[in-house]
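Bear in mind that the values in this text are calculations on the coordinates, not laboratory data. Just so it is clear, the model here is predicted, and its values are computed rather than measured. Counting neighbours? That spans all protein chains shown, and the Cβs are built from the backbone with ideal geometry, glycine included.
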């Protein structure tokens, strides 16, 4: 943990209004849910356009068999030889680190996140609480949630366990002054729709180091849970963390869709391809130009990826 400051942004001040339970009971479950959906803007024109775009893209992806296994290392090896793990990341734009959390730690955090999710939905739906106070602006929000997490005892324990394994690699990639700047849980419940291909951040010349996100699965993620990043699909609890120069983002994903990730696409050229969405982009989806990676993981595994990498979340078909 040395050299990594755990400082949350937008989540450490998380407090549920003391009156939300009474208000939810008074309003009724259907009304609370309707209020939440309205405030989340899940049915907005922007979201509807994203869904239509994603459905077209994923029709091509479903027939794409040009897949690669995620390049991986054991957590113990990554902690001892972080330069080697960082080299894999530099080559592909991602690396999977297996075994950063124990099964019992995953189970405890998964249960905790489930409780926070329900509380956050009811708080937004039954009080004046703004949607973005408790949730991140994830794309395609039907049955998909980006729950901002408090740095409470349960979450802090999991973060510390993960960082005990991953900190050496993160220092190699994001620098010794990397700090935690985002902490959330990604949840994709059955019925969630896919996401369009996107990158999390834009490329800036002033950043000399890689900007890195980390997803830690809190349950097993299989191909029926929807793709994200390197074209993986997973429905699971996962921590997602992003590491920038002098900052670090950590996100826990629970019941998350499978990710689809495209290696080597963290470049200005591929960002232009995405904007144009022409022949080269179609070839990427079809697999004729290069392979993709599915984000399937076992509980306790992590994927570190460049925030500039093209990726997407798939539909949870369960």
Open item on the list: How would 261, 203 line up from fewest to most surrounding beta-carbon atoms within 10 angstrom?
Closed with: 203, 261
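Using the Cα gyration tensor of region 75-133, with a ≥ b ≥ c the square roots of its eigenvalues, what is the shape: rounded (a/c below 1.5), prolate (a/b larger than b/c) or oblate (neither)?
Details: a/c = 5.31, a/b = 2.18, b/c = 2.43.
Here region 75-133 falls in the oblate category.
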- [ ] Would you calculate the separation in nanometres between label points at residue 44 and residue 202, each defined as 7 Å from the Cα along the Cα-to-beta-carbon direction?
- [x] 1.8
- [ ] Go through 279-285, 189-195, 38-44 and give me the packing order, highest mean Cβ count within 10 Å leading.
- [x] 189-195, 279-285, 38-44
